[in-house]
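Here is the structure we will look at, set down as structure tokens.
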Amino acid sequence: MFSGSTVAIVTPMTADGGLDWPAWDRLLDFHLREGTDGIVVAGTTGESPVLLMDEIEELTRRAVARCRGKLKVIVGAGSYSTAGTVSLTRTLSGLGVDAVMLVTPYYNKPPQEGLYRHFMAAADASEVPVILYNVPSRTVADLLPGTVARLARHPRIVAIKEATGSLSRARETLNACPPEFTLLSGDDATAIDLMSVGARGVISVSANVAPRRMHEACQAALAGDFVKARAIDASLQPLHKDLFVEASPIPVKWAVARMGLIGNAIRLPLVELSATHQDTVLRAMQAAGINLEDQAA
């Protein structure tokens, strides 16, 4: 159901802090043109913590209207509150999306049983498939394979975005879950390696900048051609690394702005990429073969 290169899409903003709707349409068209297999609206890379609920709804409606049937549209609906996550899931799952993605609750450090009950409650409220999202480096909550296996029994919980980058974790999760359950990498640098042990694709930051190449690498891996997949990925490794020289999405928003697709605006408490890192990100873009001319055409 979910495979290939799915972009954790950035949210374009204006200098005064509003959302840039013409840039949003332009960005969606760019991914449609470049072969992206899916988009995640209002994920962490989309600055979900600083988006208002009505903004997330409008971003989602516009993405569905422009992209539905052409690529998968997924929306982030998770929070640190179970009641809040249930409410978000109920609302956003009714907007025509292909799935909702639910991050592990952050800050309050729930145990595995708390995580299990949290996700079950949200899945019960959803009208569409649910993708779990495990990113302990940001949330300090680690959704363990045994808990994932319990959750995978729910008919709407169909996949997990696993961002630990651990091959052993990927194998353990896949072995514990039903064969139809999908594992997606949440770490660009190790995505092809995870696909070699059974992951079906990646939810990617780098795909904001190099969507065609990310799509091609994933398609090669899905076809079993890991020589080709790794050759493509080798040129993307500087991008995978240097889009995190500062807290994401600071570098990737700068890069997408440098491509002329969006303005260079981000909401506090994040700020624009520092001048000391701009050459580093630019070199990574060049290594990936990014043509900085006419990307918005």
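When both residues are 6+ apart or on different chains and their Cβ atoms are under 8 Å apart, which pairs have a first residue that lies in the range 250-263 and is within 15 Å of residue 47 (Cα to Cα) and in contact (Cβ under 8 Å) with a residue 60 or more places away in the chain, and a second that is among the β-branched types (Val, Ile, Thr) and part of a helix (DSSP H, G or I)?
These pairs meet every condition: 262/256.
Could you say which residue among 3, 81 is closer than 20 Å to residue 134 by Cβ, hydroxyl-bearing (Ser, Thr, Tyr) and within 16 Å of the chain's Cα centre (by Cα)?
Within the list 3, 81, the selection yields 3.
Kindly indicate which of 199, 207 is surrounded by 22 or more Cβ atoms within 10 Å (Cβ to Cβ), of a type outside the set (Asp, Glu) and touching a residue at least 60 places away in the same chain (Cβ under 8 Å).
207
When the residues of the range 217-249 are narrowed to those that are outside any helix (DSSP H, G or I) and touching a residue at least 60 places away in the same chain (Cβ under 8 Å), which ends up nearest to residue 135 (Cα to Cα)?
248
Kindly evaluate residue 116 against the criterion of being modelled with pLDDT under 95 and over 18 Å from residue 200 (Cα atoms).
When the stated conditions are applied, residue 116 does not pass them.
Kindly indicate which of 6, 11 is assigned to a loop (DSSP other than H, G, I, E, B) and closer than 23 Å to residue 187 by Cβ.
Being assigned to a loop (DSSP other than H, G, I, E, B) and closer than 23 Å to residue 187 by Cβ holds for just one of 6, 11, which is 11.
Criterion first (buried (at least 19 other Cβ atoms within 10 Å of the Cβ), more than 21 Å from residue 186 (Cβ to Cβ), out of contact with any Phe, Trp or Tyr (no Cβ under 6 Å at 6 or more places or on another chain) and in contact (Cβ under 8 Å) with a residue 60 or more places away in the chain) does residue 214 satisfy it?
no
I'd like the full set of residues that are touching a Gly at 6+ places or on another chain (Cβ under 9 Å) and in contact (Cβ under 8 Å) with a residue 60 or more places away in the chain, limited to the range 36-47.
36, 37, 38, 40, 43, 44, 46 - these are the residues of the range 36-47 that are touching a Gly at 6+ places or on another chain (Cβ under 9 Å) and in contact (Cβ under 8 Å) with a residue 60 or more places away in the chain.
Given the criterion surrounded by 17 or more Cβ atoms within 10 Å (Cβ to Cβ), at pLDDT 95 or above and of a type outside the set (Ser, Thr, Tyr), identify the matching residue among 229, 247, 223.
229
Those residues that are assigned to a loop (DSSP other than H, G, I, E, B), of a type in the set (Gly, Ala, Ser) and under 22 Å from residue 44 (Cα atoms), I need them from the range 196-216; list them, please.
Across the range 196-216, the qualifying residues are 199, 210.
If you check 73, 40, which single one turns out to be over 15 Å from residue 208 (Cβ atoms) and within 12 Å of the chain's Cα centre (by Cα)?
Checking each option against the conditions leaves just 73.
What are the residues in the range 61-91 that are touching a helix residue (DSSP H, G or I) at 6+ places or on another chain (Cβ under 6 Å) and within 13 Å of residue 43 (Cα to Cα), if any?
Residues satisfying the conditions are 73, 75, 76, 77, 78, 79.
For the range 108-195, give me every one of the strands (runs of 3 or more DSSP E) that falls completely inside it and has 1 or more residues that are farther than 19 Å from residue 48 by Cβ and of a type outside the set (Lys, Arg).
Of the strands (runs of 3 or more DSSP E) lying wholly inside the range 108-195, those with at least 1 residues that are farther than 19 Å from residue 48 by Cβ and of a type outside the set (Lys, Arg) span 157-162, 182-185.
For the subset of the range 43-70 comprising residues that are among the hydroxyl-bearing types (Ser, Thr, Tyr) and outside any loop (DSSP other than H, G, I, E, B), which member is nearest to the chain's Cα centre (by Cα)?
48
The values are calculated or read from the model by the stated rules, or taken from the named source; none is laboratory data. Because the structure is a prediction, the values reported are computed rather than measured. Every residue, glycine as well, gets a Cβ built from its backbone with ideal geometry; the counts of neighbours run over all protein chains shown.
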